[in-house]
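Take a look at the structure set out below.
The values are calculated or read from the model by the stated rules, or taken from the named source; none is laboratory data. The model shown is predicted, which means the values in this text are computed figures rather than measured ones. All Cβ positions, even for glycine, are placed from backbone atoms using ideal geometry, and neighbour counts span all protein chains on display. Surface accessibility is based on the protein's heavy atoms, side chains included, excluding ligands, DNA and RNA. Shrake-Rupley method; radii C 1.70, N 1.55, O 1.52, S 1.80 Å.
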Amino acid sequence: TNTAVRNADVVLIAVPMDLAVPIIQSVAPLLRHDSLLCDINSLKAEVCTAMESAGVSEAVGLHPMFGPSVRSLRRQKVVACPVRSGPLTQWLLGEFGRMGLEVVYSEPEVHDQMMAVIQVLVHFSTIVMGEALRRTGTSVSDSLKFTSPIYRLELAFVGRLFTQDPDLYAEITMTNPHGAAVRDAFLDAAKALDQSVTSGDRSAFKHQFQAVSNWFSGFGSEAMALSDFIIESLVTKP
């Protein structure tokens, strides 16, 4: 294995997150200075620090923002956190672009903060939605008999998550150092909304609704157009 690493032009670390740093620390010193070390973990700060300190090769932290089920790489995003750039780094990222991927450059810490919102918050709320639906005792099949296309679509995103590996989602939601803050935001928002609804305070409800509406104002028209397109595709599907 050591010989293979020394002879490799590119070494990609693709292991569970709790193993990434120790493996990088053991592998990085073996790489030539003109080779490239990269990884595909969903957190970047610790792995990029390990890459920087443990070796002398080119290094870049990568995070593909898509899973193995995508049919095309066109317009899919991959985050790149360059550690030590050089010819191989430029070649690899250039190949991504030629394959149709959109490369998003980021500092490792900024990436991890964004993943707390994009991954931890979204997955946490989706898991809560699924568990709440389960607790109602209403079967999915029964609810679908009454659904509008938009509810079916929302339920599809919930159901999609629960077809996947729970260890992956445990890793994502439990290991991000910024995750606690966004989970607290979710719980606080749920409590505030519940209080408005329980008390019948329509003014407070409208104030909360309008505050979020203002927050989404720059995305609202795109959200309507995109969701209308998806719903139209759903209702016209044979």
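How much accessible area per residue does segment 163-238 have, counting only protein heavy atoms and a probe of 1.4 Å, in square angstrom?
Numbers: 6020 Å² over 76 residues.
Dividing the accessible area of segment 163-238 by its residue count gives 79 Å².
What are the ³J(HN,Hα) values, in whole Hz, obtained from phi via the Karplus relation 6.51 cos²θ - 1.76 cosθ + 1.60 with θ = phi - 60°, for each residue of segment 56-67 in sequence order, with x given for Gly and Pro?
Karplus values, whole Hz, x for Gly and Pro: 10, 6, 4, 8, 8, x, 10, 9, x, 8, 7, x.
Taking 2.2 N^0.38 Å as the expected size of a compact globular protein, what ratio does the Cα radius of gyration of segment 1-76 give against it, to two decimals? All intermediate terms of the calculation are to be shown ahead of the outcome.
Working: Rg = 13.0 Å, N = 76, 2.2 N^0.38 = 11.4 Å.
Dividing the Cα Rg of segment 1-76 by 2.2 N^0.38 Å gives 1.14.
Report the rotationally averaged projected area of segment 75-115 based on its alpha-carbon convex hull, in square nanometres. Can you show the working numbers first?
Values: hull surface 11.7 nm².
Across all orientations, segment 75-115 yields a mean hull projection of 2.9 nm².
Can you find, among Val10, Thr49, Ala20, the residue sitting farthest towards the positive end of the charge dipole of segment 1-75, where Lys and Arg contribute +1 and Asp and Glu -1 at Cβ?
In segment 1-75, that residue is Val10.
In segment 99-182, which chymotrypsin sites (Phe, Trp or Tyr not before Pro) are in a loop and have at most 13 other Cβ atoms within 10 Å, using DSSP for the loop call? Could the numbers behind the result be given before it?
Details: sites: Tyr105, Phe124, Phe146, Tyr151, Phe157, Phe162, Tyr169; in loops: Phe146, Phe162.
When the chymotrypsin sites (Phe, Trp or Tyr not before Pro) of segment 99-182 are filtered for loop state and at most 13 Cβ neighbours within 10 Å, Phe146, Phe162 remain.
Got the relative contact order for segment 5-101 handy, in percent, Cα pairs under 8 Å and 6 or more residues apart? Kindly include the intermediate steps, with their values, before the conclusion.
Values: 170 pairs, mean separation 23.5, N = 97.
RCO, segment 5-101: 24 percent.
Give me a comma-separated list of calculated 3J(HN,Hα) values for segment 96-106, in order, Karplus coefficients 6.51, -1.76, 1.60 applied at θ = phi - 60°, integers in Hz, x for any Gly or Pro.
4, x, 5, 7, x, 6, 9, 8, 10, 8, 8
Please state the charge dipole magnitude for segment 178-238, taken about the Cα centre, from unit charges on C-beta atoms (+1 on K and R, -1 on D and E), reported in debye and rounded to the nearest 20.
Details: 5 positive and 7 negative charges, 21 e Å.
That gives segment 178-238 a dipole magnitude of about 100 debye.
Given H placed 1.01 Å from N in the peptide plane, which residues other than close sequence neighbours of Lys77 have an amide H under 5 Å from its amide H?
Those lying under 5 Å, H to H, from Lys77 are Met65, Glu102.
What does the helix-only formula give at 222 nm for the chain: each DSSP H stretch with n ≥ 4 adding -39500 (n - 2.57), the total divided by the residues, and the result rounded to the nearest 500 deg cm²/dmol? The partial results should precede the final answer.
On the way: 12 runs with 141 residues, N = 238.
Calculated at 222 nm, the ellipticity per residue is -18500 deg cm²/dmol.
Sort 193-201, 46-54, 85-93 for me by packing, meaning the mean count of neighbouring Cβ atoms within 10 Å per residue, highest on top.
Numbers: 193-201: 12.0, 46-54: 20.3, 85-93: 15.8.
Result, highest mean Cβ count within 10 Å first: 46-54, 85-93, 193-201.
Rg(Cα) of segment 146-185 divided by 2.2 N^0.38 Å? Please report the intermediate quantities before stating the final value.
Values: Rg = 13.9 Å, N = 40, 2.2 N^0.38 = 8.9 Å.
This ratio for segment 146-185 stands at 1.55.
Tell me which residues come under 5 Å, amide H to amide H, from Ile13 once H is placed; ignore anything under 5 positions away on its chain.
Excluding prolines and chain starts, which carry no amide H, the hits are Cys38, Asp39, Ile40.
Taking only Cα atoms of segment 54-181, what ratio of Rg to Rh do you get with Rh as the Kirkwood inverse-distance radius?
Numbers: Rg = 18.6 Å, Rh = 17.3 Å.
We get a ratio of 1.08 for segment 54-181.
Take the Cα pairs of the chain, get the Kirkwood Rh, then feed it into Stokes-Einstein at 37 °C and 0.692 mPa s and tell me D in µm²/s.
Numbers: Rh = 20.9 Å.
My calculation gives 157 µm²/s for D.
Please express the Cα-Cα pair-distance distribution P(r) of segment 187-238 as a list of whole percents, one per 5 Å bin, running from 0 to the bin with the greatest distance.
4, 18, 16, 15, 13, 15, 11, 7, 2, 0
Taking the Cα atoms of segment 41-121, what is the range of coordinates along each of the three principal axes, in descending order and whole Å?
Cα spread of segment 41-121 along its principal axes, largest to smallest: 36, 33, 18 Å.
Not counting the cut sites, what is the longest span of the chain without trypsin sites (Lys or Arg not before Pro) that DSSP labels loop and that have at most 15 other Cβ atoms within 10 Å? Walk me through the intermediate numbers first.
Working: sites that count: Arg32, Arg71, Arg74, Arg75, Lys145.
Here the longest segment lacking exposed loop sites spans 146-238.
Per the Kirkwood formula on distinct C-alpha pairs, the Rh of segment 105-238 is how many angstrom? Present the calculation step by step, with values, prior to reporting the outcome.
Details: mean 1/r = 0.0573 Å⁻¹.
Taking every pair of different Cα atoms in segment 105-238, averaging 1/r and inverting gives 17.4 Å.
Where the centre of each part is set by its Cα atoms, how far does segment 10-89 sit from segment 138-182, in angstrom?
28 Å
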